[in-house]
Amino acid sequence: MSTGERLQAIDLRRVRAVSGMRRWWSRLPRGTRFAVLAVVAVLLYLLPVLNPPIITTPDSDFATVLFTVTTYCLAALGLNVVVGMAGLLDLGYVGFYAVGAYSVAMFASPSSSIATKYPWLVCVPIAIALSMIAGAILGGPTLRLRGDYLAIVTLGFGEIVRLSAVNSPGLGAAAGITSIPHPPGALNGQPIFSVLDAKPYYWLGLTLVFVVVALVRNIENSRVGRSWLAIREDEDAAELMGVPTFKFKLWAFAIGAAVGGLSGAMFAGKQGFVSPDSFPVLTSVLFLAAVVVGGAGNRLGVIVGAIAVAYLPERFRGFQNSRYMIFGLALILMSIFRPQGLIPNRRREVELADRKLDEVGVEVNA
Amino acid sequence: MLLEITDLQVFYGRIQALHGVSLYVAQGEIVALIGANGAGKTTTMRAVSGLRPAAHGRIRFDGEDITKLRADLRVRRGISQAPEGRGIFPGMTVLENLDMGTYARRPGREQRQQDLERVFGLFPRLKERRMQVAGTMSGGEQQMLTIGRALMARPKLLLLDEPSMGLAPMLISQIFSIIKEINGQGVTVLVVEQNAQQSLSIADRAYILETGLIVTQGKGRDLLADPAVKAAYLGVA
C-alpha cells in the first residue's frame, strides 16, 4: 500500500465514523427530531433563568456571558459563509463587526458627529447595508488574490478599520462614541432592554442566531450555495463549469459581512458605547478560531466553536492568567489531531484528504 | 472554423510561456496538441478556456472573437474543458459532479436524464459509483468523471487536458477509444497529450509544441510515421 493509499484509507475511515452519527440523526422520525430540537431551543432560552450550577459562570454575570456568546455565534456564522462555505480565508473579519457597531453608534447616538438620533431598530438595517458595502469594497480589489495573499490583505483591512476610527474625530477618535440607545420595547412602563438586566439581550441574540441559521441553511442549498461549494473545492474547475467565480466570491464577502455587521450592531446596542479598543486583531483571530475549531463549513460546528471561544474563558476566569496559554495549546492540539474541527463538514473532510493526496503527489492508478 | 488561434502569447508574470502559437480546429475534428513537459500545452488549453489571459494574439470561436471573454461565459458559448489530473470536486458525489457540468445550461429534468444516460453509456463505471464521493475514487475513475462532467455541458468543443495522465496502460487505450466515440457523436475535440502514440493514432490532425512554439503540424497518421517525431516523441530510433 502506498503512502497515498494509506492516507486515503485513514481519512475515509474517519469520514465514515462521523457520518454514522449523522445517519442516526437523520433516520429518526421527523416528529422526534423536531421535538428534540424544540426542547433544546426552550432550554437554551431558559438558560439565564435556570442558572444551571456547573454551566453558570461564577465570576461574571451569566446572562451577559450568554449574550456575548450569541454575538460570537453570529460572527462565526457570518465568517463561516466566507471561510467555510466559499473557502476564502478572511483574517480581518472584525472589521465588519466594527463597521456594524460604528454604524449604529453614528446614526443612533445623540453625541455622534452626525447625531441623526435614529432609533436602534432603524440603525440595524443601515448597519447591515453598510457592512455589506464594506465587504464589497474589500472584496472588489482583493478577491482576485488567492489563499495566503488574500489572508494578508484582509488582515490589513481589519486594522485599517480600527485605525481609521482611532484617527477620525468624526468617529469619536480614540475615545469612541457614547450614549448609544438600546433596542426598543417596554413592559409595565419599564424598558425591556436596560443596563440592569442582560437576559433580554441574550434572548434577542439567540433569536437572531436561529434566524441566521435558517437563512444560511437556505442559501447553502441554493444555486448560490452550490456555486460557493464548487469554488471552495476547486476554483479553476468551478470556472470551467461556468460559475462566475468572482461574482460569487464577492457575494460571499458581502453576505458574511452583513452577518458580522448585525453582530456588531447587537454589541453596540447592548454596550451603549463603542471605541476602537473593542475591535482588536485578536477578535478576528478568535472569530476565525471559532470557525476552525468548531468545523468550518458546518453550521452546528461553528456554533460549538463560538461557544468554546466565547464561553470557556469566562467560565474559567479563575485561570485568568494562563487562559490564553491553555487556549493556544488547545488550538495547536486541535490542528494536529483534528484539523477538520470538532463537528466537521462532511465534504470538507474529503477535500482535506484530497489535498493531502495532492501534496504526497501520488501517481494514481486505477 | 470552430476554433482559430492566431499568434497567441501568454505570460506567467515575466516568464513567457507561449511565443505566438497559431492553430485551428475544424468542426468535427479531433486535434491533438503534443509536447513534452513545459512545452506550453496546458497553457494553450487554459488560454482557450479562459483561465489564463492572452497577452497578445486572437482566439476566435464559432465565428466570434472570444480573446477577452470571461471563462464562465466561454462555457456558455460551448467550450468545455476537462481539467488535467484530479480536477474533480472531491467532496461532491459523482452525480453532484456531473450536475455541476450542467451549471451553465440549467437543463430540465428530462434533458438532464438524457445527458446522464449518455455519460453513463460511455462510462458505465460512473453509473455504478454515482453515489460515491468523488475524492474517494481511483485516479482513473476521477479522470472519467472530469470527461463525463465536461460532456454534461453539451459542448461544441471539448478540451481534454492530459486525459491519460497517471493511468494504467490498459485504461489509457480505453480512454482514447472513448474519446473517439465521443467525437463520433459529433463533438469536436482538442486534446493535449504527452502520450504521442495514442493521441496521434486517434487524431485527424496534430500540432507539436516545443517551448511555446509550434514546430510541426500535420495529419495524425503522417506524424506517427515521421522519423523526427518518432525519435523525439515515440521513443523509437
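Tabulated results
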item	result
Ratio of the Cα radius of gyration of segment B:54-99 to 2.2 N^0.38 Å, where N counts its residues	1.49
Electrostatic dipole magnitude of segment A:59-348 [Cβ: Lys, Arg +1; Asp, Glu -1; Cα centre; debye, to 20]	440
Value at 222 nm in deg cm²/dmol, rounded to 500, when DSSP H runs of n ≥ 4 in chain A each add -39,500 (n - 2.57)	-23000 deg cm²/dmol
Where trypsin sites (Lys or Arg not before Pro) in DSSP loops with at most 13 other Cβ within 10 Å are excluded, longest remaining stretch of chain B	B:69-237
Positive minus negative residues near A:GLY242 (Lys, Arg vs Asp, Glu; Cβ under 9 Å)	+1
Neighbour-count ranking [beta-carbon atoms within 10 angstrom, fewest first] of B:HIS19, A:HIS182	B:HIS19, A:HIS182
Helix runs (DSSP H) in chain A reaching 18 Å along axis by Cα, Kyte-Doolittle at least 1.6	A:30-50, A:120-142, A:281-294, A:323-337
A:ILE160, B:ILE59 arranged by Cβ crowding within 10 Å, fewest neighbours leading	A:ILE160, B:ILE59
Segment B:86-101 versus segment A:312-339: alpha-carbon centroid distance in Å	38
Lys, Arg +1 and Asp, Glu -1 on Cβ, resulting dipole of the protein assembly as shown about Cα centre, debye, nearest 20	1260
Crossing angle, helix B:169-184 versus chain B [Cα axis fit, 0-90 degrees, rounded to tens]	90
Normalised alpha carbon radius of gyration of segment A:59-348 [divisor 2.2 N^0.38 Å]	0.98
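Throughout, read-outs are computed from the coordinates displayed, never taken from laboratory work. Predicted model, so just to flag it, every value in this text is computed and none were measured. Neighbour counts are summed over all protein chains in view; Cβ atoms, including those assigned to glycine, are modelled from backbone coordinates with ideal geometry.
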